[in-house]
Each structure stands twice: as structure tokens, then as C-alpha cells.
Amino acid sequence: MLYPNLKFPKKSDRPFFYTNFVSTVDGKVQVKKEGYWPIGSRRDYQVLLELRSFADCLIHGGNLGREFGGITVKSLNKPAFKRMRKKLGKDPVLPYYILSARTDGLKISKTSIINPQDGIPGLVKFLQDKGYKNVLVEGGPTLLGSFLKENLIDEIFLTIAPKIYGNEKGSTLTLVEGQLFPEHAIKNLRLLSVKKFNSELYLRYRVI
Ligand SMILES: NC(=O)c1ccc[n+]([C@@H]2O[C@H](COP(=O)([O-])OP(=O)(O)OC[C@H]3O[C@@H](n4cnc5c(N)ncnc54)[C@H](OP(=O)(O)O)[C@@H]3O)[C@@H](O)[C@H]2O)c1
């Protein structure tokens, strides 16, 4: 494991929120064309599973859910994943929700598609009421932007893949989409750890 004994600070009034992304060296987290996915190595995918295994709940935005919801459900149901959670003393079943106002294109049970009336604050209350302590928000970038705007992301796990994709207007996504934080609200991060595997870097940041 890259992060054995991973622990997060406890919050009393809301869950602790963390995210996990993989980015190219030039900051791209997705290209809206065939042939660019996956961005990270197989090891990065193992780290994704590892970070999921520490969570009490997993959240995806509507677009990420439409693209990867079906695959996510399958991977959460795999015996190896459930065993990994059991070893950590977690419930083998990781609750998974997609935040969306629509059900079309989502291959997940309807009860797992949520659309709280008052958006992110409503979602936070829903998760707090469920008793989840550590919530993994895997994005995508639009959802991550909404969480960061509300100062609700506590840690960012970021894999830097040794690649440069370049750009063509409108064809790529970066870590945060849909928000330009005003100067007084720029997010500052503290590096907690750096690990490497071949030429790939695994960064863990605390949002301050
Ligand atoms: N490289 C990586 O590590 C990584 C990680 C995650 C995702 N991605 C990529 O990111 C892409 C998806 O990201 P995205 O930015 O297009 O979409 P997204 O963040 O996955 O989803 C945004 C959607 O979530 C729903 N939503 C509901 N309430 C919201 C709120 N308060 N704030 C924001 N969204 C809310 C809306 O969907 P409805 O319209 O359905 O209501 C909204 O359009 C995928 O291509 C995926 O592959 C890459």
C-alpha cells in the first residue's frame, strides 16, 4: 500500500472531505477524445482503490457518473476490494452516490442518485446525518470546484503522470472547472507527503 495506516483528522460538524485526481504534467485531467485515458499507470489505479478503501462514502458528479458510474459499481463489488476494506475494519460495502438532477445515462440504482434542494450544503447535511466521517469526492472538476468554493475539500491526493497532452480550445479539462477563485479566496495547500513510482509522483496536500 502507498498509504498504510492512512488517518484523517476528525471533524465534529461535518465529514472530512478528500479527493483524488490524476493529472498530466501540463495539468490535464481529461481529454474529450478517444485515446487519452487512462492518464495514470496501473499503480495509480491501485492507489485510487486504496484511497477508496479508506472512505466511508464515495461521491461522483453527474458527468463522471455518466462516464464511469457503471465501472465504479463493478469495481466496488469486486471481492478483492471488499477484502481490502474488511482488513481496514471498514464495512465491505462502500456507499456510492452520484450528484445529479437527472437519471438518464446513469447505470446505478435510482436511490444512489441524489440532488439535494440546496446543493452542496444540502449534500453535506445528508452525509453528516448518515454518520459518514471520511468522504471521498472523486470529482469531476466541476463538482470539485463547487466543493472548493465552499471550502469543503480538506485534502487532495494528486498523481502527476509523466505526460504532456497539450491543448486545443475546449478539448481538455483541468483539476477545477467552472470556478475562478477571487484573489482573496485562492486556495493554498500544504504538502503532506510526496511518493514516487517510476516517473509518477503521488502528492498529498492539506488545504489550508
Ligand atoms: N483525471 C482524473 O483524476 C479525473 C477525476 C475525475 C473526473 N475526471 C474526468 O472529469 C470529467 C467529468 O467532470 P466534469 O467537470 O465534466 O463533471 P462532474 O464534476 O463529474 O459533474 C458535474 C455535474 O454534477 C452535477 N452536479 C449537481 N450538483 C452540483 C454542484 N453543486 N456542483 C457541481 N456539479 C453538480 C451536475 O450534473 P447534472 O447535469 O447531471 O445534474 C453537473 O453538471 C470526466 O470526463 C472524467 O473522466 C478525471
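Bear in mind that the values in this text are calculations on the coordinates, not laboratory data. Keep in mind it's a predicted model, so treat the numbers as computed, not measured. All Cβ positions, glycine included, derive from the backbone under ideal geometry; neighbour counts span all protein chains shown.
Residue count for region 59-75 under the criterion of being surrounded by fewer than 19 Cβ atoms within 10 Å (Cβ to Cβ), more than 8 Å from the ligand (Cβ to nearest atom) and under 20 Å from V137 (Cβ atoms): the result is 4. Based on what the data block shows, is R85 near the ligand (Cβ under 9 Å from one of its atoms), among the charged types (D, E, K, R), touching a residue at least 24 places away in the same chain (Cβ under 8 Å) and part of a helix (DSSP H, G or I)? It is false that R85 is near the ligand (Cβ under 9 Å from one of its atoms), among the charged types (D, E, K, R), touching a residue at least 24 places away in the same chain (Cβ under 8 Å) and part of a helix (DSSP H, G or I).
Across region 1-47, the qualifying residues are those that are without any contact (Cβ under 8 Å) to a residue 60 or more places away in the chain and within 11 Å of the ligand (Cβ to nearest atom), and the one among them that is surrounded by the most Cβ atoms within 10 Å (Cβ to Cβ) is Y45. Residues in region 49-58 that are within 13 Å of the ligand (Cβ to nearest atom) and in contact with a helix residue (DSSP H, G or I) (Cβ under 9 Å, 6 or more places away or on another chain) were compared, and the one that is nearest to G170 (Cα to Cα) is L58. Condition check for S23 on (1) in contact with a helix residue (DSSP H, G or I) (Cβ under 7 Å, 6 or more places away or on another chain); (2) part of a strand (DSSP E or B): one failure, at (1).
Listed residues S53, S100, S41; which is in contact with an Asp or Glu (Cβ under 6 Å, 6 or more places away or on another chain) and polar (S, T, N, Q)? Result: S41 is the single residue among S53, S100, S41 that is in contact with an Asp or Glu (Cβ under 6 Å, 6 or more places away or on another chain) and polar (S, T, N, Q). Do we have any residue at all in region 112-126 that's without any contact (Cβ under 8 Å) to a residue 60 or more places away in the chain, in a helix (DSSP H, G or I), over 15 Å from the mean Cα position of the chain (by Cα) and closer than 26 Å to V47 by Cα? Yes - at least one qualifying residue is present in region 112-126. I need the full set of residues from region 55-82 which are over 23 Å from V176 (Cβ atoms) and without any contact (Cβ under 8 Å) to a residue 60 or more places away in the chain, in order please. Once the filter is applied, which keeps residues that are over 23 Å from V176 (Cβ atoms) and without any contact (Cβ under 8 Å) to a residue 60 or more places away in the chain, region 55-82 yields G70, I71, V73, K74, S75, L76, N77, K78, P79, A80, F81, K82.
Note on region 139-189: residues that are within 16 Å of G27 (Cα to Cα), of a type in the set (G, A, S) and within 11 Å of the ligand (Cβ to nearest atom) amount to 5.
Determine whether region 193-208 contains at least one residue that is of a type in the set (V, I, T), closer than 22 Å to G69 by Cα and crowded, with 16+ Cβ neighbours inside 10 Å. No, that holds for no residue. Residues in region 89-138 that are under 17 Å from N77 (Cα atoms) and among the charged types (D, E, K, R) were compared, and the one that is farthest from the ligand (Cβ to nearest atom) is D91.
For region 93-111, which residues satisfy the criterion of being part of a loop (DSSP other than H, G, I, E, B) and within 19 Å of the chain's Cα centre (by Cα)? Can you show your working first?
Applying the first criterion (part of a loop (DSSP other than H, G, I, E, B)) to region 93-111 yields 93-95, 100-109.
Across region 93-111, the qualifying residues are V93, L94, P95, S100, L106, K107, I108.
Somewhere in region 178-185, is a residue touching a strand residue (DSSP E or B) at 6+ places or on another chain (Cβ under 6 Å) and surrounded by 12 or more Cβ atoms within 10 Å (Cβ to Cβ)? Within region 178-185, not a single residue is touching a strand residue (DSSP E or B) at 6+ places or on another chain (Cβ under 6 Å) and surrounded by 12 or more Cβ atoms within 10 Å (Cβ to Cβ).
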